[in-house]
Amino acid sequence: MTTTPCDLAGLLPADRLITDPARLASFAHDEAAGAPYALPAAVVRPRDTGEVAAVVAYCAERGVPVVARGAGTGLSGGANAVEGCVVVSFAAMDRVLSIDPDERLAVVQPGVVNDHLRAACAAKGLWYPPDPASAPWSTIGGNVATNAGGVCCVKYGVTRDYVLGLEAVTGRGEVVRLGRRTAKSSAGFELAGLLVGSEGTLGLVTEITLRLRGERAQEHTVVGYFDDLPSAGRAVAHVVAAGVVPSALELVDRYCLRAVDEWKNMGLTDGGDVLLLARCDAPGAAGLQEADTVLACFEAAGATWSARSADPAEADALFAARRLVYPALERLGMVLSEDICVPRTLVPEMLARLERTAESNGVRIASLAHAGDGNLHPMLVVPRGDERQLARGREVFEEVVDQAIALGGTVTGEHGVGLLKMRGLARELSPAVVDLHRGIKRVWDPAGILNPGKVFTA
Ligand SMILES: Cc1cc2nc3c(=O)[nH]c(=O)nc-3n(C[C@H](O)[C@H](O)[C@H](O)COP(=O)(O)OP(=O)(O)OC[C@H]3O[C@@H](n4cnc5c(N)ncnc54)[C@H](O)[C@@H]3O)c2cc1C
């Protein structure tokens, strides 16, 4: 069934309903290259939970699809509009409701931008760790719905590890409060956790209670350049085997370094072909010891140059450059990006397989990785509008995904399944587990209106 804009007009004030096709277009898709999308029938910008619930109840009655949207920075098509849908944009629900320094908790609306929350916490001497490279734009609601990771997640965990409680609107339009504010609880199923990573298919998240940490310790940065991906991968495996858990361990390959250099002229490629960036933040002298161990691991793996950075500004600039990789590649064409995650000790093997796959298919695969937790982002740049190369790129990446699964890995470490990783998920999960997903979906969303056609085939 379709909806008409005037149907929704009674549910929320006129300035929070968008129906102008020119404006609708900017809510039609996320940042994923080549994922299908349609123009939404309408976009609503609720200011509170009551308005969200009213819109969802209205859509449930009429079988109108509902697609939740944060900032639209997703890389899997999860926020892409489907035919005839209402997009619920959480941009106007962007308040940090409270920060409790004693309990180390924050309560936020879903549209709060990750960096804004981190700044609000820092002002009270607290820290919210999950730090996706999209932190300047992506929202906590989107981070929760995709179980976002980031640079420091290798040591401090992903979004799921910080979500204590949620308020959500189910597919029936009911408002439910899930989880807790307490340090622990054994009361009932962990339904707040179930919603984390559910990509808007089970409920719309309208409020989030997050665990915080105390201010972060000083970090020591170790930089290493390598001749090729497998030796950088070996350095990662050495660090894992040494039992050191760095607070960041990032890999950036020659194609990524080159793209940033061409844009920002930072001289990144002068040092070598593959860059590993590590940070260690154990308190006091232990931090320096950890950094020395990481440095020894880099050297043992054959680093062509490595050093403990003595200049914090230079170290920050290198991490800033790492965050520029995706936009730098986007300047060159359409970026197909994967998000595989393999057991950490198999990082060298997966990187070697990536090189072989690129060679045998005659393509260039750029690699960027949260290498410390085995999460690799192989990327292919194809000319915009070239459907043949897009299809070819997709085939190459299906091969990559199959190899990651064969190594005991997963199709998505942090970006979510959305539209682009549905085939991989179907390969990764057994039919019985997909059936469990379907059963859970029916309970939360009996009319099947929430983000239909995403993640798995209902
Ligand atoms: C340059 C760049 C760098 C990135 N780096 C990282 C990274 O380091 N780590 C990482 O994990 N990701 C990264 N991403 C991917 C992306 O930023 C994350 O997936 C992020 O969590 C999406 O947040 P968003 O607010 O943009 O959500 P959107 O893209 O708007 O939505 C993402 C999904 O969440 C659902 N959703 C949104 N809000 C809600 C809600 N309130 N309730 C229910 N469902 C909701 C949507 O329906 C969709 O399925 C990067 C993206 C870019 C463009």
Candidates Gly418, Gly385 - the one that is outside the structural domain of Arg234 (by TED's automatic domain parsing), touching an Asp or Glu at 6+ places or on another chain (Cβ under 8 Å), within 14 Å of Gly34 (Cβ to Cβ) and part of a loop (DSSP other than H, G, I, E, B): Gly418
Single condition Ala57 does not satisfy, out of (1) open to solvent by less than 30 Å² (accessible area, probe 1.4 Å); (2) within 24 Å of Val175 (Cα to Cα): (1)
Test result for Val87, away from the ligand (no atom under 12 Å from the Cβ) and of a type in the set (Val, Ile, Thr): no
Residue list for segment 115-133, restricted to those being near the ligand (Cβ under 8 Å from one of its atoms) and either assigned to a helix (DSSP H, G or I) or open to solvent by 30 Å² or more (accessible area, probe 1.4 Å) (or both): Ala133
Matching residues in segment 162-174 - criterion: being within 13 Å of the ligand (Cβ to nearest atom) and either open to solvent by 20 Å² or more (accessible area, probe 1.4 Å) or touching a residue at least 60 places away in the same chain (Cβ under 8 Å) (or both): Glu167, Val169, Thr170, Gly171
Residue that is at positive phi and touching a Leu at 6+ places or on another chain (Cβ under 6 Å), where the choices are Gly77, Gly84, Gly125: Gly77
Residue check, Pro136 in the same structural domain as Arg172 (by TED's automatic domain parsing), open to solvent by 50 Å² or more (accessible area, probe 1.4 Å), touching a helix residue (DSSP H, G or I) at 6+ places or on another chain (Cβ under 7 Å) and within 12 Å of the ligand (Cβ to nearest atom): yes
Qualifying residue in segment 216-225 (condition: within 25 Å of Val112 (Cβ to Cβ), at pLDDT below 95 and out of contact with any helix residue (DSSP H, G or I) (no Cβ under 8 Å at 6 or more places or on another chain)): yes
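Okay, residues lined up against (1) within 16 Å of the ligand (Cβ to nearest atom); (2) open to solvent by 30 Å² or more (accessible area, probe 1.4 Å):
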position	(1), (2)
Val411	yes, no
Lys421	yes, no
Ser430	no, yes
Val434	no, no
Arg438	no, yes
Asp445	yes, no
Count of segment 66-84 residues which are more than 11 Å from the ligand (Cβ to nearest atom) and either open to solvent by 20 Å² or more (accessible area, probe 1.4 Å) or more than 16 Å from Thr19 (Cα to Cα) (or both): 1
Criterion violated by Gly272 - all others in (1) over 24 Å from Leu332 (Cα atoms); (2) open to solvent by 10 Å² or more (accessible area, probe 1.4 Å); (3) touching a residue at least 12 places away in the same chain (Cβ under 8 Å) satisfied: (1)
Test for Arg177: is it modelled with pLDDT of 95 or more, surrounded by fewer than 24 Cβ atoms within 10 Å (Cβ to Cβ) and either of a type in the set (A, V, I, L, M, F, W, C) or in a strand (DSSP E or B) (or both): yes
Where Asn147 falls short, out of the listed (1) surrounded by fewer than 19 Cβ atoms within 10 Å (Cβ to Cβ); (2) on the phi > 0 side of the Ramachandran plot; (3) within 13 Å of the chain's Cα centre (by Cα): (1)
Enumerated strands (runs of 3 or more DSSP E) restricted to segment 1-100, each holding at least 1 residues that are in contact (Cβ under 8 Å) with a residue 60 or more places away in the chain: 66-69, 86-89, 96-100
Residue satisfying condition, being modelled with pLDDT of 95 or more, part of a helix (DSSP H, G or I) and within 8 Å of the ligand (Cβ to nearest atom), within set Val154, Val144: Val144
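The values are calculated or read from the model by the stated rules, or taken from the named source; none is laboratory data. Here the structure is a predicted model, which is why all the values come from computation and not from measurement. Cβ: placed from backbone, ideal geometry, glycine included. Neighbour counts: every protein chain shown. When the accessible area is computed, the model is the full protein with side chains, heavy atoms only, and any ligands, DNA or RNA have been set aside. Shrake-Rupley method; radii C 1.70, N 1.55, O 1.52, S 1.80 Å.
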